[in-house]
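Have a look at the structure below before the remarks.
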Amino acid sequence: MGDEEFMNASDEERGGAVGYAPHPHIGGRTAVLRALAAWRMQWPGAPRVVVLTGSPGSGRSRLMTGFLMLCDPEYRKRLPLDDLDPTIVPPDLPAPAVPDPRGLTSDQLLWTLADHYGLGATRTADIVPELAAGDPVMVVVPDVDRVGPVRAADEPARLVREVLKPLAATGTVHLLADVPRELAAEVIESLPAGQGQVIDLDEPRWADPAGLVLQVETSLDPRFGAPALPYTEDPSARRALAEAIAERANGSRLTAQLAVQCILMRPEGFDPADTSLLPGSAGEALDWHARRLGADPQTLRLMLTPPALAEGDGLPIELWGALANAVAGRDMSREIADGMLLAGPFVEPVEMPAQGAPAEQDGESTDSRTLLRLVHPGVADAIRAGLADVRDAQTRIAMALLEAVPQQDWSRADPYVRDHLAAHTLAAGLLPQLLTDPALFAHADPVTLRAAVEAVPYDALGAPARTYLRTAPLLTRSQAPVGMRAALLETAFVEDGLGPYADALHALDLDLPWRTLWSEPLPGATDVTIGSLPQTPADGAGTAGPADGGQESDAGAPASAALPVAVVLVPEGTPGSRTVPAGDAEPGGTAVLVHPLLSPGYVDADPALILRPSEDVRAAAPLALSRGADYVRVWDRRRRTVVAALISDTPFTGADLSPDGVLVVATARGVKALQIPLPEPAGGAAATDTAAPGVSVPAPAAPSDPVHPADTPAGPHGREGDRS
């Protein structure tokens with residue numbers, strides 16, 4: 001039971017403002033709700049930007065949820081609005097935009113807003129200016145402390161500086177945000193006087209200690225689920241205990257919640273007349289509960305360290321024991337097996353879809369799995385603060401997770417291990433050492449892995465990690481599945497001269513849609529065509545052979561055969577190119593460079609000797625080509641299915657496909673050739689109507705028809721822009 005679920009007073013007898021019922025979800029906080037209602041109504045003199053803050057466990061999330069209930073036209077129908085103080089109830093207006101930032105990057109949150117408002121922006125940098133140019137909007141951003149896919153990457157600070165501050169400075173945006181105290185003032189620091197306000201729930205004017213007493217009293221009431229005990233059934237005893245718990249908690253809703261949970265989970269031996277040992281913080285609640293159960297407080301903290309350091313939505317319960325053993329340096333299996341009474345007030349199980357997991361493991365369905373997480377981030381803060389060496393604990397967890405990968409096969413790794421090992425390794429200060437395995441690059445969630453890699457100083461990254469970082473925007477933007485991620489990484493490794501890493505990806509059981517034959521950095525390349533160069537003298541012009549003078553091509557063709565080549569249009573003066581006579585120059589360039597189609601190197605040959613495939617030859621080829629600004633697709637002509645889809649972070653300036661399936665593409669940065677496997681002939685072993693792995697798009701009327709550039713749907717986890 002987290003802060004958001006902490007029971008609160010809801011009946012009229014428990015009072016709010018005099019004569020009015022309290023908010024049924026909050027049970028108090030009238031002063032804050034009035035201020036937020038004034039913001040919502042844009043009351044004269046009300047600030048345009050409001051930042052809600054307070055210490056962990058102060059009730060920010062619950063307060064924000066209760067206020068949003070009053071702002072949602074549908075939810076308002078379930079609230080007793082006529083019984084509430086009218087000063088806390090805003091008028092019935094369209095609901096504000098409320099992007100959920102939990103687990104998102106800053107760019108992803110901006111794209112969520114762009115999708116909500118139907119903006120036409122194509123770059124992250126254009127979103128806020130486009131909002132500024134439109135009609136006034138109201139935006140609510142809750143739970144900023146939970147933003148980001150990787151805790152150690154400090155995404156909350158990035159969100160404040162790259163999203164909330166620009167939104168706050170935009171005159172058409174009315175912003176309400178729930179922000180950690182250390183970042184709260186930064187949101188409004190540059191605003192003119194009167195336009196911004198920070199509401200700190202720990203300040204006396206907003207703290208509402210009477211509301212906290214009512215919350216505790218209600219949570220102790222058997223009518224609301226508490227067990228029947230002498231001090232819960234007697235109204236006066238219940239009230240006295242609630243006052244003692246609230247006073248000792250010093251305004252912390254979390255501390256009060258934990259005290260109640262500890263008491264009710266183990267009521268034996270608790271004396272309500274002796275309140276001197278009641279906890280004053282989350283850390284004290286941990287130690288107090290352990291001692292009440294006759295356990296060593298350190299044992300409880302060791303048990304809870306893995307979920308306190310867990311990433312994402314929580315720790316798979318199957319990994320809890322192994323990670324606790326690693327942190328403790330001893331066998332904790334008995335404590336874990338018998339420890340739910342001890343750990344119970346501080347943890348909660350969560351059923352989550354088993355995304356990315358195999359359909360079955362050991363004969364059991366894995367449609368869902370149980371995660372273990374702490375009831376509130378404030379509990380995790382208390383446990384981390386008590387660790388002698390957080391890096392050492394993270395190192396132990398990272399090593400245990402790495403050992404849990406079956407035979408180092410990332411396709412068989414637990415999804416938590418696969419997607420979050422990098423985050424733990426980052427927190428341990430060891431991530432650069434991990435970033436050498438191309439299989440991990442392909443299998444790990446690209447949003448999470450990218451966030452972790454970006455948090456490492458660039459100079460500390462090795463060559464393969466730099467290639468991954470350069471390619472990651474393509475992986476996250478397209479939401480590419482694992483096979484497509486491996487293919488994009490394969491060609492990126494070839495581009496960066498890391499051939500062994502590309503070969504390692506081909507060794508995986510992923511059936512990549514291409515093999516990159518070569519890549520050349522040719523800045524300014526504007527077009528590319530495929531042809532062949534005769535290798536025998538013609539009209540006494542002499543032999544046009546490879547630049548090294550060899551009589552046989554690298555592909556093994558005899559000297560009498562035609563050499564397949566790619567002809568690249570490049571700026572004049574490009575090394576290895578020949579200037580084209582002015583009368584023959586193609587638009588956009590003044591020189592051409594001839595490259596063997598199947599191997600690296602250049603050919604010093606007269607471009608006039610090169611033969612292009614005829615239209616009949618192209619039409620008879622089994623593969624066809626279509627392209628857009630940032631995508632190229634190769635089609636099985638007979639089946640009309642996509643067999644390869646290449647995307648780029650810079651526009652394609654040229655593309656051509658040979659009859660035997662070699663795709664050559666050019667961008668402003670360079671040129672590369674990819675071998676696409678030819679489909680089986682009709683009736684062959686591969687004669688099916690399915691697309692290549694990782695590609696699922698409808699076939700057009702004809703393979704050459706224009707198609708939409710998006711290979712996968714855009715969304716907050718995909719089309720997030722390029723931060724690198």
Rounded if a/c is under 1.5, else prolate if a/b beats b/c, else oblate: with a ≥ b ≥ c from the C-alpha gyration tensor eigenvalues square-rooted, which is segment 297-455? oblate
About the Cα centre, and with charges only on the beta carbon of Lys, Arg (+1) and Asp, Glu (-1), how big is the dipole of segment 40-98? Nearest 20 debye, please. 260 debye
Rounded to 5, the percent of DSSP beta bridges in the chain classed as antiparallel: 75 percent
Which percent of Cα pairs goes in each bin when the distances of segment 277-354 are cut into 5 angstrom slices starting at zero? 3, 15, 27, 24, 18, 9, 4, 1, 0
Modelled label reach - Asp202, point 7 Å along Cα→Cβ, segment 174-194 residues with backbone N closer than 20 Å: 177-189
Just want to confirm a number: the relative contact order over segment 90-143, from Cα pairs under 8 angstrom separated by 6+ residues, in percent. 51 percent
Positive end of the dipole of the chain, charges at C-beta (+1 Lys, Arg; -1 Asp, Glu), about the Cα centre: which of Gly103, Tyr631, Leu278 has its Cα farthest in that direction? Leu278
What is the Cα centroid distance between segment 127-197 and segment 601-629, reported in whole angstrom? 52 Å
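Per Stokes-Einstein, at 4 °C and 1.567 mPa s, what whole-number D in µm² s⁻¹ belongs to segment 106-146, with the Kirkwood radius over Cα pairs as the hydrodynamic radius?
Using the Kirkwood radius from Cα pairs, D works out to 119 µm²/s.
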With +1 on each Lys and Arg Cβ and -1 on each Asp and Glu Cβ, how big is the dipole of the chain about its Cα centre, in debye rounded to the nearest 20? 680 debye
Rounded to the nearest 10 Å², the 1.4 Å probe accessible area of Ser333 is 60 Å²
Where the centre of each part is set by its Cα atoms, how far does segment 494-539 sit from segment 234-312, in angstrom? 65 Å
Rounded to a whole number, the Stokes-Einstein D of segment 149-295 in µm²/s (Kirkwood radius over Cα pairs; 10 °C; 1.306 mPa s) is 88 µm²/s
How much length, in nm to one decimal, is gained on full extension between Glu186 and Thr370, taken as 0.36 nm per residue of separation minus their Cα-Cα distance? 62.4 nm
P(r) over all Cα-Cα pairs of segment 600-655, 10 Å bins from 0 to the longest distance, whole percent per bin, short to long, reads 19, 33, 38, 10
If you take all C-alpha pairs in segment 74-220, what percent of them are over 29 Å apart? 27 percent
At 25 °C and a viscosity of 0.890 mPa s, what translational diffusion coefficient does Stokes-Einstein give for segment 250-301, taking Rh as the Kirkwood radius over Cα pairs? Give it in µm²/s as a whole number. 219 µm²/s
So for the pair Phe224, Ala240, with labels modelled 7 Å out along Cα→Cβ, what separation do we get in nm? 2.1 nm
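Can you give the charge dipole size of segment 614-683 about its Cα centre, rounded to the nearest 20 debye, using +1 on the beta carbon of Lys and Arg and -1 on the beta carbon of Asp and Glu?
140 debye
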Toward the positive end of the charge dipole of the chain, about the Cα centre and with charges on Cβ (Lys, Arg +1; Asp, Glu -1), which of Ala326, Ala644, Ser61 goes farthest? Ser61
Scoring the chain by relative contact order with C-alpha pairs under 8 Å, at least six apart, yields a percentage of 10 percent
Accessible-area ranking of Glu186, Glu130, Glu490, Glu162, largest first, probe 1.4 Å: Glu162, Glu130, Glu186, Glu490
Suppose accessible area is computed on protein heavy atoms with a 1.4 Å probe; arrange Lys165, Lys672 from highest to lowest. Lys165, Lys672
Projecting the Cα atoms of Ala157, Pro73, Val140 onto the charge dipole of segment 70-159, where Lys and Arg contribute +1 and Asp and Glu -1 at Cβ, the residue farthest towards the positive end is Ala157
Return the carbon/sulfur percentage of the accessible area of the chain, one whole number, probe 1.4 Å, all protein chains in place. 53 percent
When the helices in the chain are scored as -39500 (n - 2.57) per DSSP H run of 4 or longer and the sum is shared across all residues, what 222 nm value do you end up with, to the nearest 500 deg cm²/dmol? -10000 deg cm²/dmol
Distance in nm between pseudo-label sites at Thr579 and Tyr458 (7 Å out along the Cβ direction from Cα): 3.7 nm
Calculated FRET efficiency, Glu403 and Leu678, Cβ-Cβ r, R0 25 Å, to nearest 0.05? 0.05
Give the calculated FRET efficiency between His116 and Arg638 to the nearest 0.05, with a Förster radius of 35 Å applied to their Cβ-Cβ distance. 0.25
Taking R0 as 56 Å, what FRET efficiency do you get between Asp72 and Ala562 from their Cβ-Cβ distance, rounded to the nearest 0.05? 0.20
List the trypsin sites (Lys or Arg not before Pro) within segment 65-103 that DSSP assigns to loop and that have no more than 14 neighbouring Cβ atoms inside 10 Å. Lys77, Arg78
Quick one: Cα centre-to-centre distance for segment 43-121 and segment 404-437, in angstrom? 37 Å
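The values are calculated or read from the model by the stated rules, or taken from the named source; none is laboratory data. This structure is a prediction, so every number in the text was calculated from the model and none was measured. When we count neighbours, we look across all protein chains shown, and the Cβ atoms used for this are built from the backbone with ideal geometry, even at glycine. Just the protein is used for accessible areas: all its heavy atoms, side chains included, with ligands, DNA and RNA removed. Shrake-Rupley method; radii C 1.70, N 1.55, O 1.52, S 1.80 Å.
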